[in-house]
Amino acid sequence: MLKQLYLLLSGLIINPEKTWKTLAGKQELNNEDFYKSYLYPVIGIIALMSFCGIWIGTKDFQLQIALKIVIKETIAYFGGFYLAAYGLFRLSEKYFGLTADLQLFGRFSGYSSAAIYVVACINALFQSLFFLQIFILYTVYIVWHGSNIYIRVKENYLTKFTIFASAIIILSPVVIRMIMTLIMPGL
């Protein structure tokens, strides 16, 4: 399972066009397979890396702080996924002439977040490498190919949809993390 997850994440980052074509052929799969084989393991790995990063990166390890950070990161990425999927679902039919399918946009936002998830894992483990956040912008390239192949956005809406979807997918975890920081002071 981890090997398949690694191949999928690396495929979405290294060759998104080919990977999106493969995923478009499997679109009929239910969301349960998507959650079990992709989203839950990725979020679990981010949580594990966050815990290990606090454990390794601090001199005086405090379990309470480590668990707060794990909770904050888990909620940020799960909430960001759901917020992005719902935002794309609600606005796609109105502004982009697409058929509104929440499951399709859920899978699209999850797969499009591959670069975000990889950067989150690396950042959680090695907190001193904050400059890697710039690679989150690679999400725009992944969304471009996915919106063309997986979602089948019409050519005249492609640029507009790519910018809009990328902004939602990138900013959703950031907004939720900021809210969680306000709710959980002291982090």
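Among the criteria (1) part of a helix (DSSP H, G or I); (2) under 19 Å from F126 (Cβ atoms); (3) of a type outside the set (V, I, T), the one F61 does not fulfil is (1). When the criteria are applied in full, G80 meets the requirement of being touching a residue at least 24 places away in the same chain (Cβ under 8 Å) and surrounded by 14 or more Cβ atoms within 10 Å (Cβ to Cβ). Filtering the stretch 16-68 to residues that are under 15 Å from the mean Cα position of the chain (by Cα) and hydroxyl-bearing (S, T, Y) leaves Y35, S37, Y38, Y40.
L91: over 15 Å from the mean Cα position of the chain (by Cα), touching a residue at least 40 places away in the same chain (Cβ under 8 Å), under 20 Å from S50 (Cβ atoms) and surrounded by 14 or more Cβ atoms within 10 Å (Cβ to Cβ), yes or no?
no
I69 satisfies every condition listed in (1) over 21 Å from I136 (Cα atoms); (2) modelled with pLDDT under 90 except (1).
Among the residues of the stretch 25-46, is any part of a helix (DSSP H, G or I), farther than 17 Å from L5 by Cβ and in contact (Cβ under 8 Å) with a residue 40 or more places away in the chain?
No; the residues of the stretch 25-46 include none that is part of a helix (DSSP H, G or I), farther than 17 Å from L5 by Cβ and in contact (Cβ under 8 Å) with a residue 40 or more places away in the chain.
Screening the candidates R177, R107 for the property of being assigned to a helix (DSSP H, G or I), within 15 Å of the chain's Cα centre (by Cα), in contact (Cβ under 8 Å) with a residue 12 or more places away in the chain and crowded, with 22+ Cβ neighbours inside 10 Å yields one hit, R107.
Can you tell me which condition W20 does not meet? The list is (1) over 17 Å from T139 (Cα atoms); (2) surrounded by 15 or more Cβ atoms within 10 Å (Cβ to Cβ); (3) in contact with a Phe, Trp or Tyr (Cβ under 7 Å, 6 or more places away or on another chain); (4) of a type in the set (F, W, Y), and all the others hold. With respect to (1) over 17 Å from T139 (Cα atoms); (2) surrounded by 15 or more Cβ atoms within 10 Å (Cβ to Cβ); (3) in contact with a Phe, Trp or Tyr (Cβ under 7 Å, 6 or more places away or on another chain); (4) of a type in the set (F, W, Y), W20 is out only on (1). Only one of the listed residues (I45, I14, I54, I116) is out of contact with any Pro (no Cβ under 8 Å at 6 or more places or on another chain), among the β-branched types (V, I, T), surrounded by 18 or more Cβ atoms within 10 Å (Cβ to Cβ) and at pLDDT 90 or above. That residue is I45. Restricting to the stretch 131-174, name every residue that is at negative phi and outside any helix (DSSP H, G or I). Once the filter is applied, which keeps residues that are at negative phi and outside any helix (DSSP H, G or I), the stretch 131-174 yields Y150, I151, V153, K154.
The values are calculated or read from the model by the stated rules, or taken from the named source; none is laboratory data. Since we're looking at a predicted model, the values are computed, not measured. Quick reminder, even Gly has a Cβ in these numbers, built from the backbone with ideal geometry, and neighbours come from all protein chains shown.
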